[in-house]
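Undergrad: Got a structure for you, written out below as structure tokens; questions coming shortly.
The values are calculated or read from the model by the stated rules, or taken from the named source; none is laboratory data. Quantities reported herein were computed from a predicted structural model and do not represent experimental measurements. Here Cβ is always computed from backbone atoms with ideal geometry, including for glycine, and neighbour counts include all displayed protein chains.
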Amino acid sequence: MRQVLIVGGGASGLTAGIFAARAGAAVTIFERNPTVGKKLLATGNGRCNLTNTQMSNGCYHSETPKALQEILAGFPLQDTLEFFASLGICTKEQNGRLYPQSNQAESVLEVLQMEAAYRKVKIKTNAHITGISKTATGWAAHTADWTYPGDALILATGSKASKISGSDGSGYEIAEKLGLSLIPPFPALVPLRCMGTDFSGWAGVRIDGKVTLYGNGQKLAEDTGELQLTNYGVSGIPIFQISRQAVQTIKDGKKATLALDFWPEMDKAAIKALLERRRTDCPYKSIKELLVGIFPKKLLPVLLSQPSLPEAIKEFPLQVEGPLSFDHAQVCAGGVSLAEIHPATMEARRFPGLYLTGELLDADGICGGYNLQWAWTTGALAGTSAGEECR
Ligand SMILES: Cc1cc2nc3c(=O)[nH]c(=O)nc-3n(C[C@H](O)[C@H](O)[C@H](O)COP(=O)(O)OP(=O)(O)OC[C@H]3O[C@@H](n4cnc5c(N)ncnc54)[C@H](O)[C@@H]3O)c2cc1C
């Protein structure tokens, strides 16, 4: 039986391992951590938002959108749902986002591990692959003190987002050494550092609101949801959703600004009228006291530091300095160019027998299960193809 080697035991590596084994190959996964799937356990705040019913190519970014589209079509949502159903996962939906019925990311990892064990996939943990090389009959993976030969090799090392979970960017180095072209990675789905204000006062506030992103004053994007105010700037899902464009705006040499709307349901005139009415009804209250009952206490001094209160409530201005580091990002934009890949199989065009999956590639999705969908899709395509070739 021929061998498929997989570097990285994360979402895409485990999926690839199962599909390669189902196709008949003997599979070995190398994982640098003591356990596989560390990042998977952290997904969706421990609940694992594993995919989304509203799949569309527009939810993803890549420098090679046509290839991205073809790849996603190769193992779409329905295939993913069938795959997880075959492993034993029932799903539940919240606004299109799909989670395991158990509400635990752990169960997603567990069923992947159970199936991998049943298919006799070998998992070598504490195995940091430092390089790969082409051999006469296939590919080899190297650790500091050992070389493992195989017939096909799948690089599933992830990006360098959240390196505490194991993905330290070593996959980029391995790919670059081979000569694969790399779109420079940058943090996406990431909190934003802002300038010009002392944010310590509002740190810890969580408030439902809207964020609008402008590039040189031109509106680029907006999103609503829970805004998290921090001592460096802003975080939360709506911020993540616009963060990629904010970072790109700065990279393009433009000024990225945000307007925070802390009360989207009310327009400025309605807020002005409400405050006037409160002033009349409660003449004994200071302006700060008039706001008690509407906004969290820690937000009040910050709102009152602005020249106009209704403006501060509806369009609180912030200038983005940049993203927090890769360590704080959920995903990376950029990565190995999809132009290097056969979209039907994930095999490298210039390196037969070598496959690439997941976040290592130049594709990133918005929040909502899209990045894991990319991991399942690319893992399934690569695993099937690498495994079938080995039949
Ligand atoms: C906090 C957080 C929450 C998230 N929540 C969601 C969510 O709810 N829904 C969603 O769709 N996406 C979510 N994501 C993104 C999603 O987790 C990733 O896109 C996905 O895990 C990428 O899969 P991957 O297989 O490419 O890489 P990873 O899952 O990162 O796996 C790569 C593996 O390779 C190993 N590795 C790396 N280099 C080497 C090496 N040289 N040798 C051996 N092993 C190596 C790593 O240790 C790691 O285990 C979240 C990310 C974070 C950080």
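Undergrad: Scan the range 1-25 residue by residue and report those that are in a strand (DSSP E or B) and more than 8 Å from the ligand (Cβ to nearest atom).
TA: Within the range 1-25, Q3, V4, L5, I6 qualify.
Undergrad: Looking for whichever is under 23 Å from L14 (Cβ atoms), modelled with pLDDT of 95 or more and either in contact with a strand residue (DSSP E or B) (Cβ under 9 Å, 6 or more places away or on another chain) or not hydrophobic (A, V, I, L, M, F, W, C) (or both) here; the options are G169, G179, G131, G217. Which one fits?
TA: Residue meeting the stated conditions: G131.
Undergrad: Looking at the structure I just gave you, is E106 among the charged types (D, E, K, R), within 14 Å of the ligand (Cβ to nearest atom) and under 24 Å from V336 (Cβ atoms)?
TA: Spelling it out, it is not the case that E106 is among the charged types (D, E, K, R), within 14 Å of the ligand (Cβ to nearest atom) and under 24 Å from V336 (Cβ atoms).
Undergrad: Let me ask you something else. Could you go through the range 139-161 and let me know if any residue there is closer than 30 Å to L303 by Cα, assigned to a loop (DSSP other than H, G, I, E, B) and either touching a Ser or Thr at 6+ places or on another chain (Cβ under 7 Å) or within 14 Å of the ligand (Cβ to nearest atom) (or both).
TA: Within the range 139-161, not a single residue is closer than 30 Å to L303 by Cα, assigned to a loop (DSSP other than H, G, I, E, B) and either touching a Ser or Thr at 6+ places or on another chain (Cβ under 7 Å) or within 14 Å of the ligand (Cβ to nearest atom) (or both).
Undergrad: Can I ask one more? Tell me, which residue of the range 162-211 that is among the hydroxyl-bearing types (S, T, Y) and more than 12 Å from the ligand (Cβ to nearest atom) is surrounded by the fewest Cβ atoms within 10 Å (Cβ to Cβ)?
TA: The selected residue is S200.
Undergrad: Are any residues in the range 312-335 out of contact with any Gly (no Cβ under 8 Å at 6 or more places or on another chain), crowded, with 18+ Cβ neighbours inside 10 Å and not in a helix (DSSP H, G or I), and if so, which ones?
TA: Of everything in the range 312-335, those that are out of contact with any Gly (no Cβ under 8 Å at 6 or more places or on another chain), crowded, with 18+ Cβ neighbours inside 10 Å and not in a helix (DSSP H, G or I) turn out to be F316, G322, P323, A329, Q330, C332, A333, G334, G335.
Undergrad: Given (1) more than 13 Å from the ligand (Cβ to nearest atom); (2) farther than 22 Å from L189 by Cα, where does T28 come up short, assuming only one miss?
TA: So the condition that T28 fails would be (1).
Undergrad: Against the conditions (1) within 14 Å of the ligand (Cβ to nearest atom); (2) touching a Ser or Thr at 6+ places or on another chain (Cβ under 8 Å); (3) free of Cβ contacts under 8 Å to residues at least 60 places away in the same chain, where does Q101 fall short? Just the number, please.
TA: Here Q101 meets the rest and fails (1).
Residues are listed down the side, and each one gets a yes or a no for (1) closer than 30 Å to D261 by Cα; (2) within 12 Å of the ligand (Cβ to nearest atom):
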{"site": "L300", "(1), (2)": "yes, no"}
{"site": "Q306", "(1), (2)": "yes, no"}
{"site": "A312", "(1), (2)": "yes, no"}
{"site": "Q319", "(1), (2)": "yes, no"}
{"site": "G322", "(1), (2)": "yes, no"}
{"site": "E340", "(1), (2)": "no, no"}
{"site": "P343", "(1), (2)": "no, no"}
{"site": "L356", "(1), (2)": "no, yes"}
{"site": "W374", "(1), (2)": "no, yes"}
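Undergrad: Just for helices (runs of 4 or more DSSP H) wholly inside the range 197-311: which have at least 1 residues that are closer than 24 Å to L324 by Cα?
TA: Hits in the range 197-311: 237-251, 300-304.
Undergrad: Just the residues that are farther than 14 Å from V4 by Cα and not charged (D, E, K, R), please, taken from the range 24-42.
TA: Passing the criteria: N33, P34, T35, V36, G37, L40, L41, A42.
Undergrad: Looking at A246, A259, A270 in this structure, which one is touching a Ser or Thr at 6+ places or on another chain (Cβ under 6 Å) and modelled with pLDDT of 95 or more?
TA: A259
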